[in-house]
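See below for the structure under consideration.
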Number of protein chains: 2
Amino acid sequence: MLKRVGVIGGGQLARMMIPPAIELGIDLGVLCENPDTSAREACVLVGDYRDVEIARLFANQFDVVTFDHELVPQEVLRELEASGVFVRPGPDALLFAQDKLAMRETLQLLGAPQPLWAVAHNENDVELFLAKIEGSEVVAKTPRGGYDGKGVRLISDKAGVQDWLAHGPVLLEEKVAFEREVAQLVARRPSGDIAAWPLVETGQSNGVCTTVVAPAEVDEAVHVGAEGLATLIAKSLGVTGVLAVEMFVLDSGQIIVNELAMRPHNSGHVFTELSVTSQFEQHLRAVLDLPLGSTKLVANHGVMVNLFGGVVRDSLEAALASDSLVKVHDYGKSARPGRKAGHVTVIGSDAADLLRIAKMAASVMALDGLA
Amino acid sequence: MLKRVGVIGGGQLARMMIPPAIELGIDLGVLCENPDTSAREACVLVGDYRDVEIARLFANQFDVVTFDHELVPQEVLRELEASGVFVRPGPDALLFAQDKLAMRETLQLLGAPQPLWAVAHNENDVELFLAKIEGSEVVAKTPRGGYDGKGVRLISDKAGVQDWLAHGPVLLEEKVAFEREVAQLVARRPSGDIAAWPLVETGQSNGVCTTVVAPAEVDEAVHVGAEGLATLIAKSLGVTGVLAVEMFVLDSGQIIVNELAMRPHNSGHVFTELSVTSQFEQHLRAVLDLPLGSTKLVANHGVMVNLFGGVVRDSLEAALASDSLVKVHDYGKSARPGRKAGHVTVIGSDAADLLRIAKMAASVMALDGLA
């Protein structure tokens, strides 16, 4: 039985894998960018994950290597695989979370619902797409490296991406008039089993997730469709571990794939309290090819509110005092405007009420205040 | 705000404080007996807690010192207090969990229901008590150092405790004909607030807890009485942190205090999954004088089954495969007959069904097999 998991990247996702690893008796170690990262408690090596020698030195201590983020270069991933380490998710799957253009091309082959899109190699391509969609604005994305609204622009003419085109192709997408944004999380183990949590609704501000309400209050057909779509993607792309499929829901109820993430995801934090199995425990079980846990909910609803900018010094006391149901997750990070520094969750029976409670607690803890 | 907690003792109770400390952003460090203890992940010093200098060196790094066990000598506790560290629970309270004679005397003053008891200084005292209770057998206990059935004997004559009497007084108690054994857990913070979980029923084998069913299936009056009694004890003794009151329930429904523990307790492990706030998180919040969390249950029932002797190598896979609801807690200990090496819990709606599921998982994981 595989038992040792190395996580590349020392952010909060690696940090939140530590508790389930301790409970399950799994040996977890983290390759950290610096000794003061969020997951420092489990740091076994400090170094640059882009350096093959560092990555190999780290990976050799573990049965399986997985990730806190999707930034590890393909060359490094393939070197690790060649050296005999299980890389989960593997480079072939992870590519689709690293490269938005590769994702769009493959989802098209799968027949997954997507926004209209095109790849622009030059300004002429941009003009053609603007003409085709007959809209005033287009969403432009750098295929790689974007996250939390970075690497994404709304443009209305070719000048808007001139600088990006100098460095390579740009992904263009129609601006979808959606009713809400949702995320479907599933986990898949290498032997094939898949477990899905209920669809959640994400609240966004400037392209960054600020709140989550679970389950999403949408028609049953949307739940079924989203789960089916995420399951199809997980299987077809050979994903192992947690997969998050961010989607738009249109007025008509139609769902459209926005982005993919192949790791525990901000939209799934609420399941730590709301589900029998958290996404962090499930990710560890999945990458170790262990049987997956139940995704049953333990309350009717749960909400999550992110803490941005940093955690106000000594605010834990006031946050806990605000309501005895509040669960606080502090990522142990230094302050920086816009940074995700923690989150709070509350579970119970009335979603609106829970959101009010969580926001009250978050408002006293978040340095940036509420979005 | 206090934020740094030092735990004396590196057993599983210290280990299970690590996950909530990570989530809440609390700095937790452990004084371990050896570098390979259960709580080694948070070990900051290896040494003997009976050595005042070691204890002081450790405690100086923290705002508050608390415990994995109740074996720290009073002299050490008082030295730490004198050096300016908050010791929680404090030595005055902890004495009643360290010394069963002191506990009986104080509970008598409080008017708490107890078995008939006496202190024996010599064999004559033993004969007098045997005559008084008119029973064939008496429970004899060493006032200090006993746990999990150790330091407890059933005797029918004075010869049964001759060896113990040579070393000091012996506590004698009538053997109570009880219908079931239960435990009431509460947590109290220094500023006075108290939170109580529902009463649980413990299954015992040879004086050791093997299973827990929560909530206990007893009349509402028993629940109310047990909570009131534990609350009275916590307040009157000035307990801070988690207090476990082990009790007998008689056929008549009357409750009688058996033992006290002032730390997270085996009977409360089930609340990690069953309650909004686990006993480990609550203990940290209580000793830091932070607002206590809700003790609301997230399912109708929960059960816990201990794993004795060690965890069978690579048995995690079979345990998780046995039912997707099973939650495994592996204490990371080497094997030794009778040793508590882990536990499993399951929450849901039918207690008998949950117990069957938990026992099946435990049977594949426990080296000693099921009791």
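For segment A:1-64 and segment A:196-226, what is the separation of their Cα centres, given in Å? Going from one Cα centre to the other spans 30 Å. For chain B, taking a cut-off of 4.7 Å between Cβ atoms, the unpaired cysteines are B:Cys209.
Peptide B:312-322 shows a mean partner chain C-beta count of 4 within 10 Å per residue C-beta. Among B:Lys359, A:Lys100, B:Lys340, the ranking by other beta carbons within 10 Å of each residue's beta carbon, starting with the fewest, stands as B:Lys359, B:Lys340, A:Lys100. Pairs of lysines in segment B:136-286 whose Cα atoms sit within less than 18 Å of one another amount to 5, provided the residues are eight or more positions apart or on different chains. The spacing between segment B:292-324 and segment A:272-343, judged by their C-alpha centroids, is 21 Å.
Under the simplified labelling scheme, the A:Leu232-A:Asp27 pair shows an inter-label distance of 4.2 nm, with each label point 7 Å from Cα along Cα→Cβ. Highest mobility in the GNM of chain A, judged by mean-square fluctuation with C-alpha springs under 10 Å and restricted to A:Asn306, A:Asn258, A:Asn34, is found for A:Asn34.
Calculated FRET efficiency, A:Ser205 to A:Gln74, Cβ-Cβ distance, R0 = 35 Å: about 0.60 to the nearest 0.05.
Placing +1 on the Cβ of every Lys and Arg and -1 on the Cβ of every Asp and Glu, with no other charges, gives segment A:116-174 a dipole of roughly 240 debye about its Cα centre. If you take the Cα centroid of segment B:117-143 and the Cα centroid of segment A:120-170, the two points sit 89 Å apart. Here A:Glu81 yields copy-to-copy label distances, from shortest upward, of 6.3 nm, the label point defined as 7 Å from Cα along Cα to C-beta. Inter-label distance, B:Asp353 to A:Arg313: 5.3 nm, where each label sits 7 Å from its Cα along the C-beta direction. Note on A:Asp48/A:Lys150: beta-carbon distance plugged into 1/(1 + (r/R0)^6) with R0 of 25 Å gives a FRET efficiency of 0.75.
Across peptide A:24-37, the average count of Cβ atoms from other chains found within 10 Å of a residue's Cβ is 2. Please order B:Met247, A:Met304 by the number of other Cβ within 10 Å, starting at the fewest. Fewest-to-most Cβ neighbours within 10 Å comes out as B:Met247, A:Met304.
Peptides B:136-143, A:216-223, A:270-277, B:236-243 ranked from most to least packed give A:270-277, B:236-243, B:136-143, A:216-223, packing being the mean of other C-beta atoms within 10 angstrom over each peptide's residues. Suppose every K and R has +1 on its Cβ and every D and E has -1 on its Cβ; what is the size of the dipole of the protein assembly as shown about the Cα centre, in Debye to the nearest 20? In debye, rounded to 20, the protein assembly as shown gives about 760.
Only the coordinates and a few stated rules stand behind these numbers; no lab work does. Note that this is a predicted model, so its numbers are computed, not measured. Virtual Cβ from ideal backbone geometry, glycine too; neighbours counted across all protein chains shown.
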